[in-house]
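Colleague: What follows is a single structure, and I will ask about it in a moment.
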Amino acid sequence: MPRPTHLTIDLRVLVANALTIRGLAKNRNIMAAVKANAYGHGMMPCAEALEPLVDAFAVAVCEEATQLRSAGISKPILVLEGPFDKADIIELAHLECWMAVHSFEQITKLQTTIAEGAIVPPRVIWLKVDTGMHRLGVSPQDVPSITQILRSLGINDVRLMTHLAYAESPESPLTQRQLQRWNRVTKGFTGQVSLMNSAGLTNLPDGQNAQASEDWLRPGYMLYGGAIDSVALEGPVPTGVADSNHTVSYTTRAVMELNSRVMAIRSIDAGETVGYGGRWQASRRSRIATIPVGYGDGYPRTADSGTPVIVNGMRCPLVGRVSMDMITVDVTDCSDVNVDSSVQLWGQQLAVDEVARHAGTIGYELLTRLPERLPRHILVSDI
Ligand SMILES: *Cc1c(COP(=O)(O)O)cnc(C)c1O
């Protein structure tokens, strides 16, 4: 019998989440981020499920765009990091993907490739503007001259995008500074523009973007049910409820569940320790359940004692160190826990974001670093 630990990817939930985001987007276009294997959920099945519901896809690198096209995805695909070299430029032109360009060096390579006749000028280019993230992008003051250069290459549809560094906090000086620069650079710009990731979409007041009607939203994490704002982290928030600051609170549901079953149970006396290094000591006689999941399965080794684990529908604390293949949970206060009782590590009963907080990281990291050895059960939409 295979070990009971497995991932469930529910594409019906992904579809429902996309519809929720459609509702929030109003008349704006949606570019679904499916980079990093769709945040660990499997890029192909997710892109296929999403294609009828979104206007475009966003990936990080050229190889991901190639994979999507080979699988038959025909909607526009934006490559967020743009081309690394001439081969990438030719590949993206061939695949009819949208490139982002973020630097003069990239633009020069593009210029040369067009001048050599290796490609015809792409119809669309997304110009990445650095409004304060300071990772990628050209300075706001260079936008008019670069737009001119791109148009002189025969690229008429130049679009602008920027990325917010701290969209979870709309009031922060950093976000305010970025929005000011963005509004300045997009004012009078006639092309299409794109500002918001998941956190921006859920936390920034509606209509923050000057050109809302032409705006492209770029949600990633929330499509998969990740919770970005602190409110959502504390518990479920009804869909589409507007709070007093006119920010839209939302809930999308977890597409992924990491589930297992109890493999062993024992009782230990007060004073005994559990796991490597004897890091946790029982203060009373305790019942300890062992679960066959560990850091070799992507469960974070840094999860501290007290990290919640759902056993038989109840929240029980992780105790002791996470091993490669197993964890131990204190089920003293949980009734009816036996070998084979159901276990959830994260999913609809327990947000991955909450586990991540106990492990000193974010849900994004836990989702994107799941290893091959975890079996995946994909639940498909029957419509
Ligand atoms: C990954 C990414 C997104 C999506 O971000 P989420 O936080 O997952 O919504 C949007 N824009 C850019 C530039 C990205 O790199």
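The values are calculated or read from the model by the stated rules, or taken from the named source; none is laboratory data. Not measured: the values here are computed from a predicted model. Reconstructed Cβ throughout: ideal geometry from the backbone, glycine too, with neighbour counts over all protein chains shown.
Colleague: Given the conditions (1) within 15 Å of GLY132 (Cβ to Cβ); (2) modelled with pLDDT under 95; (3) buried (at least 17 other Cβ atoms within 10 Å of the Cβ), and given that ASP215 satisfies all but one, which numbered condition is not satisfied?
Modeller: (1)
Colleague: Given (1) in contact (Cβ under 8 Å) with a residue 24 or more places away in the chain; (2) surrounded by fewer than 17 Cβ atoms within 10 Å (Cβ to Cβ), identify the lone condition not met by GLU63.
Modeller: (1)
Colleague: Name every residue in region 59-74 that is within 15 Å of ALA33 (Cβ to Cβ) and in contact with a helix residue (DSSP H, G or I) (Cβ under 7 Å, 6 or more places away or on another chain), in order of residue number. It would help to see each step written out before you state the result.
Modeller: Keep residues of region 59-74 that are within 15 Å of ALA33 (Cβ to Cβ), which gives 59-61, 64-65, 67-68, 73.
Matches in region 59-74: VAL59, ALA60, GLU64, ALA65, GLN67, LEU68, ILE73.
Colleague: Mind listing whichever residues of region 39-62 are over 20 Å from ASN27 (Cβ atoms) and small (Gly, Ala, Ser)?
Modeller: GLY40, GLY42, ALA47, ALA49, ALA60
Colleague: Can you tell me which residue is farthest from the ligand (Cβ to nearest atom) among those in region 166-190 that are more than 25 Å from the chain's Cα centre (by Cα) and buried (at least 16 other Cβ atoms within 10 Å of the Cβ)? If you could, list the steps in order and put the result at the bottom.
Modeller: Step one: of region 166-190, the residues more than 25 Å from the chain's Cα centre (by Cα) are 180-181, 183-190.
Subset that is buried (at least 16 other Cβ atoms within 10 Å of the Cβ): 181, 185-186, 189.
On the way: ARG181: 16, VAL185: 16, THR186: 16, PHE189: 18 Å.
Going through the qualifying residues, I end up with PHE189.
Colleague: Give GLU81, GLU64 a once-over and let me know the one that is acidic (Asp, Glu), farther than 17 Å from ALA47 by Cβ, under 20 Å from the mean Cα position of the chain (by Cα) and within 15 Å of the ligand (Cβ to nearest atom).
Modeller: Numbers: GLU64 fails: farther than 17 Å from ALA47 by Cβ.
Of the residues listed, the single one that is acidic (Asp, Glu), farther than 17 Å from ALA47 by Cβ, under 20 Å from the mean Cα position of the chain (by Cα) and within 15 Å of the ligand (Cβ to nearest atom) is GLU81.
Colleague: Conditions: (1) surrounded by fewer than 22 Cβ atoms within 10 Å (Cβ to Cβ); (2) part of a strand (DSSP E or B); (3) in contact with a Ser or Thr (Cβ under 7 Å, 6 or more places away or on another chain). GLY360 meets all but one. Number of the miss?
Modeller: Only one criterion in (1) surrounded by fewer than 22 Cβ atoms within 10 Å (Cβ to Cβ); (2) part of a strand (DSSP E or B); (3) in contact with a Ser or Thr (Cβ under 7 Å, 6 or more places away or on another chain) is unmet by GLY360, namely (2).
Colleague: Does region 109-131 contain any residue that is out of contact with any strand residue (DSSP E or B) (no Cβ under 8 Å at 6 or more places or on another chain), modelled with pLDDT of 95 or more and closer than 25 Å to GLY220 by Cα?
Modeller: Filtering region 109-131 for residues out of contact with any strand residue (DSSP E or B) (no Cβ under 8 Å at 6 or more places or on another chain) gives 109, 111-121, 131.
Filter again for modelled with pLDDT of 95 or more, leaving 109, 111-121, 131.
From the residues that got through so far, the ones that are closer than 25 Å to GLY220 by Cα too are 131.
Yes, there is a match, as at least one residue in region 109-131 is out of contact with any strand residue (DSSP E or B) (no Cβ under 8 Å at 6 or more places or on another chain), modelled with pLDDT of 95 or more and closer than 25 Å to GLY220 by Cα.
Colleague: For region 328-349, give me each residue that is in a strand (DSSP E or B) and either modelled with pLDDT under 95 or in contact with a helix residue (DSSP H, G or I) (Cβ under 9 Å, 6 or more places away or on another chain) (or both).
Modeller: Applying the first criterion (in a strand (DSSP E or B)) to region 328-349 yields 328-330, 342-346.
LEU345, TRP346, listed by residue number.
Colleague: Take the conditions β-branched (Val, Ile, Thr), in a loop (DSSP other than H, G, I, E, B) and in contact with a helix residue (DSSP H, G or I) (Cβ under 8 Å, 6 or more places away or on another chain) and apply them to VAL322. Does it pass?
Modeller: yes
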